[in-house]
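Only one structure is covered here, and it is reproduced in the block below.
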4 protein chains.
Amino acid sequence: MTTVSIVYHSGYGHTKAIAESVQKGAASVAGTTVNFMAVDAVDWDALNASHAIIFGSPTYMGGPSGQFKTFADATSKAWFTGAWKDKIAAGFTVSSSRNGDKASTLSYFQTLAMQHHMLWVGTGMMPGNNSSKGSEADLNRLGSSAGLMAQGNSDQGVEGIHESDFRTAEAFGKRVAEVTARWNK
Amino acid sequence: MTTVSIVYHSGYGHTKAIAESVQKGAASVAGTTVNFMAVDAVDWDALNASHAIIFGSPTYMGGPSGQFKTFADATSKAWFTGAWKDKIAAGFTVSSSRNGDKASTLSYFQTLAMQHHMLWVGTGMMPGNNSSKGSEADLNRLGSSAGLMAQGNSDQGVEGIHESDFRTAEAFGKRVAEVTARWNK
Amino acid sequence: MTTVSIVYHSGYGHTKAIAESVQKGAASVAGTTVNFMAVDAVDWDALNASHAIIFGSPTYMGGPSGQFKTFADATSKAWFTGAWKDKIAAGFTVSSSRNGDKASTLSYFQTLAMQHHMLWVGTGMMPGNNSSKGSEADLNRLGSSAGLMAQGNSDQGVEGIHESDFRTAEAFGKRVAEVTARWNK
Amino acid sequence: MTTVSIVYHSGYGHTKAIAESVQKGAASVAGTTVNFMAVDAVDWDALNASHAIIFGSPTYMGGPSGQFKTFADATSKAWFTGAWKDKIAAGFTVSSSRNGDKASTLSYFQTLAMQHHMLWVGTGMMPGNNSSKGSEADLNRLGSSAGLMAQGNSDQGVEGIHESDFRTAEAFGKRVAEVTARWNK
């Protein structure tokens, strides 16, 4: 039995919607319990007791949101005691551009995980939508490896996120839970 | 009168084609001469005498190509003497995915420029293709700020690069030349 | 006449002390006015009217502090209107380790600057303390190029920062102001 | 029984010396076989069959050496077939400065590992040499988390590397082998 925690910030609901798909994918793995928590309502005992932590944030001004970073700073207590050492870590981010410096947010998540001495796992997916036969309906249409990237139009709500991003998020959550199960068997 | 040098590696011609659009844009700025050189045929005197250097490489395995990096290592002579200090620097990259870790290549170019004590200039463009009214025909359709990103399908030649990427490359070359002119006036 | 703004967050005073040395260096350049502001007391009109902006933050958990990032998010208004386009940008960070992921914070500052279409300038200094003849008294003893790095012991106040870091900060502020003057002449 | 491969480039012997300490640490873990190979003499069958791959390179001009990057490009065959999926990955780098953009090289290694769908493991060590009680003799004296950093004076051979860096390298190799053993048990 393993526990995967998803800790996210969502400004307008896009990141929460993607987080829910990640949750669905993780929960589909037998023996996995998923904690789902926003950064302003963190259950620290549950977080510290989980086997994997998945970080989620919109990309604002080229990085994780101030709200997420404020949460990250508060993890310094767990850092000091080594409470997250050898947990599995992964991350996802959402912004309105295809790139929009989403890579910078994922890079920060990796740095945070390394400070905590966690193991980092990426998407494990080949890039989609990168040949003449591809389309935006492909899994991993944005071609990300370090973590999950999703994109939603700036003038729309959750309906502005391509459905393939939800499928990709679900596959990503499943992968993280599978890795977590193997690591803790 | 200012001189802008474009130094690039191209494996299959995609990056060279984008480099040519960058060249066209830079050359459109009055008083600008453009040097165009592949990394295996560098004119070091011309490079060291230029006012701006634009780096170009495909993104291979998440970074600049080995050929480009080998060139970058050879710039250590210019580094040692400070020959590139206060030149303008910029960069572009091409790969087959929307992301595909192109940001990693641009990040390396910035690091190289900083080691040389150059000034870094990005695209200066707002992201395109990020609302319900946008499309792939938008300038900066991939939404990059640190440098120019272009994308070409993995199973096609230059015809697999969207025409908007060529327009974006031209606008990018123009911006770098304009910044170079202002810096050296 | 040019105006350089230093906008910083300081948790325990180390970053503020380094910011003051940056200020001193910038103010030493003829014709330069320096605005000095903490992220919780930003004068937005002054910031938007300045010719250069220098970002400063401690490195907390591998990135800029939550307080700094919250400020960075609030710059989205200036981003939307392009208010910072073509300003000079630079940055500095402080932490208790020699590395301690300070590079991650400087990388974020560069990303923020690129989103705003600013020009990035680094230390312009060769690395110190990297040969058998070197010492911690060398300028740029930590060997940083993208921006200024300073280090202060975790169990001390400002007295735990090496005096060479203050000299390096001053030289860095001077360089940024000189670049700003040249760009706006 | 697990196999850990160390694949490295060394220009002047510093990186090879550190690689040997990593090897010693990895080999100290019961049941671990270590492959040791330079990038110009890669045994691809052995590499593809190993349970973990540790990348090593000097930091040249702010990134992995051209020689290492040329090797990384040649791993595209393994990438295409997914041959390295779910292997453990880690990395180390050496340069003459305390920072000297070593973080950029480690960041590239992580990107390479993510493209291959590997799991990344860092130093797992708290930073040393960051308080009034610390010294350069501390383990992890440079304060790195994403991978191993070592430093050797630019005007010296292997004797210019602090002995604590060799101890840190050994502890790092041990950690990677332990993680590999747990992942494959």
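The values are calculated or read from the model by the stated rules, or taken from the named source; none is laboratory data. Just so you know, these numbers come straight off a predicted model, no measurement behind them. Cβ coordinates were reconstructed from backbone atoms using ideal geometry, including for glycine residues, and neighbour counts include every protein chain displayed. Only protein heavy atoms, including side chains, enter the accessible area calculation; ligands, DNA and RNA are left aside. Shrake-Rupley method; radii C 1.70, N 1.55, O 1.52, S 1.80 Å.
Rounded to the nearest 0.05, the FRET efficiency derived from the C-beta distance between D:Thr33 and A:Lys77 at R0 = 41 Å is 0.55.
To the nearest ten degrees, helix C:102-115 and the longest principal axis of the Cα atoms of chain C are 10 degrees apart.
Taken one residue at a time, the phi angles of segment C:39-55 give Karplus couplings (6.51, -1.76, 1.60, θ = phi - 60°) of 5, 9, 9, 7, 9, 4, 5, 5, 5, 5, 8, 7, 8, 9, 10, 10, 8 Hz. Gly and Pro are set to x.
The angle separating the long axis of helix D:14-27 from the principal Cα axis of greatest extent in chain D is about 60 degrees. Of all chain D C-beta atoms, the nearest to the rotation axis linking D with A is recorded, alongside its rounded Å distance, as D:Trp120, 2. Cross-link partners of B:Lys133 among aspartates and glutamates, defined as those whose alpha carbon lies under 20 angstrom from its own and excluding same-chain residues fewer than eight positions apart: A:Glu136, A:Asp155, A:Glu159, A:Glu163, A:Asp165, B:Glu163, B:Asp165.
Counting from the shortest, the label point at A:Glu159, 7 Å from Cα toward Cβ, is 3.9, 6.5, 7.5 nm from the same position in each remaining copy. Solvent exposure of A:His162, expressed as accessible area, is near 60 Å², computed with a probe of 1.4 Å over the protein chains only.
In summary, the convex hull built on the alpha carbon positions of the protein assembly as shown has an orientation-averaged projected area of 27.5 nm². Once the Cα atoms are used to define both axes, helix B:163-183 deviates from the longest principal axis of chain B by about 30 degrees.
Hey, for a label at D:Arg182 modelled as a point 7 Å past Cα toward Cβ, could you say which residues of segment D:101-123 have their backbone N under 19 Å away? The answer is D:118-123.
Oblate is the label for segment D:30-86. Its Cα gyration tensor axes, ordered a ≥ b ≥ c, give a/c of at least 1.5 and b/c at or above a/b. For C:Gly82, the point set 7 Å out from Cα toward Cβ sits 3.6, 4.6, 5.4 nm from its twins in the other copies, listed from shortest up. Result for chain C in a Gaussian network model with C-alpha springs under 10 Å: among C:Trp79, C:Trp120, C:Trp44, the largest mean-square fluctuation is at C:Trp44. A simple spin-label model places the labels of C:Ala41 and C:Glu136 3.2 nm from each other, with each point 7 Å out along Cα-to-Cβ.
Rolling a 1.4 Å probe over the heavy atoms of the protein chains gives chain C an accessible area of 32 Å² per residue. In the context of the full protein assembly, D:Glu163 retains an accessible surface of approximately 90 Å², using a probe radius of 1.4 Å and ignoring ligands and nucleic acids.
Helices in chain B, meaning DSSP H runs of at least 4 residues, each add -39500 (n - 2.57). Divided by all residues, the mean residue ellipticity at 222 nm is -11500 deg cm²/dmol. Every pair of different Cα atoms in segment B:59-131 enters the Kirkwood calculation, which places the hydrodynamic radius at 13.4 Å.
D:Ser132 label point (Cα plus 7 Å toward Cβ) to equivalent points in the other copies: 3.4, 6.2, 7.1 nm, shortest first. Sorted from largest to smallest, which semi-axis lengths in Å does the alpha carbon gyration tensor of segment D:1-160 give for its equivalent ellipsoid, taking the root of 5 times each eigenvalue? Computed over segment D:1-160, the values are 25, 17, 15 Å.
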